[in-house]
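The values are calculated or read from the model by the stated rules, or taken from the named source; none is laboratory data. As the structure is a computational prediction, the values presented were derived from the model and not from experiment. We place every Cβ from the backbone using ideal geometry, glycine too, and count neighbours over all the protein chains shown.
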Amino acid sequence: MTALSRRLLAAFLCACVLGATAAARAAGEAARIVDRARIVLEEMLEDPDFAHVKEYLKNAHGVVIVPRLLRGGFVLGGQFGRGVLLVRDPQTGAWSDPIFVTVAGGSLGLQVGGQAMDVVMTVMNRPTVKKMVESEFKLGVDASAARGPVGAGIGAGTTINFGEDIYVFAKNIGLYAGMSLEGTAIVADADRIEEYYGRRVHPNAILRGEVHNPHAGPLKALLARY
């Protein structure tokens, strides 16, 4: 082997190693989003302040889970987070593999400082799920959204209302002075989808079962209880 051949081979092997490392790191990021989404949902379901989340999940056609939705600073700002959307099959009741999404923009109204929220959104009908899967989607524009009932003082006699398209449940981490996700966009995260499933596919392909990642099993098993 000539010196030039050795250099070319070394460069090729180096590129392969770097590419594999980058792919593993990216896939790890997507997997961490799924793991954190499961933890967020599990903790919310066990929290007495969020006792009604179970009823909303039982009646939901889809669920969006966003671990650590980051919010802006004093008075006005925006928010950004990565999360997952899972959709219930209308025939079998089984939950899909996760569709990765980004959540960004919107108006937060009054704030007192930068903070983060763990957010669970229950999607209550098929048309809203369809809109969310097929194009950029804005809360309060493409579908109605309301805060779900939260608080330890909410008793068993509280009326459960499923009249809105989406119900938002949020656990706050840090300072807090009110919440509004009006105008917030939810968009499929093509890069995370490719990282997690190994190829670039439309969210509908995930719903059709054309790609699958067994890593999502624990999250789907948790949802299958509702």
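Residues in the range 88-103 that are of a type in the set (A, V, I, L, M, F, W, C) and touching a Gly at 6+ places or on another chain (Cβ under 7 Å): Val101, Val103.
Within the range 149-172, residues that are within 16 Å of Asp49 (Cβ to Cβ) reach partners that are modelled with pLDDT of 75 or more and surrounded by fewer than 13 Cβ atoms within 10 Å (Cβ to Cβ) with beta carbons closer than 7 Å, at six or more positions or on different chains, in the pairs Ala152/Pro48.
Within the range 123-137, if we keep just the residues that are over 14 Å from Ala60 (Cα atoms) and surrounded by fewer than 20 Cβ atoms within 10 Å (Cβ to Cβ), the residue that is modelled with the highest pLDDT turns out to be Lys131. Screening the candidates Asn213, Asn204, Asn161 for the property of being at pLDDT below 85 and of a type outside the set (D, E, K, R) yields one hit, Asn161. Inside the range 93-106, residues that are in a loop (DSSP other than H, G, I, E, B), closer than 22 Å to Arg208 by Cβ and either modelled with pLDDT under 95 or of a type outside the set (S, T, N, Q) (or both) make up a count of 4. Screening the candidates Ile154, Ile173 for the property of being outside any loop (DSSP other than H, G, I, E, B), modelled with pLDDT under 95, over 20 Å from Val129 (Cβ atoms) and among the aliphatic types (A, V, I, L, M) yields one hit, Ile173. Confirm whether Gly83 is surrounded by fewer than 20 Cβ atoms within 10 Å (Cβ to Cβ) and either under 27 Å from Gly183 (Cβ atoms) or modelled with pLDDT of 95 or more (or both). Criteria not met by Gly83.
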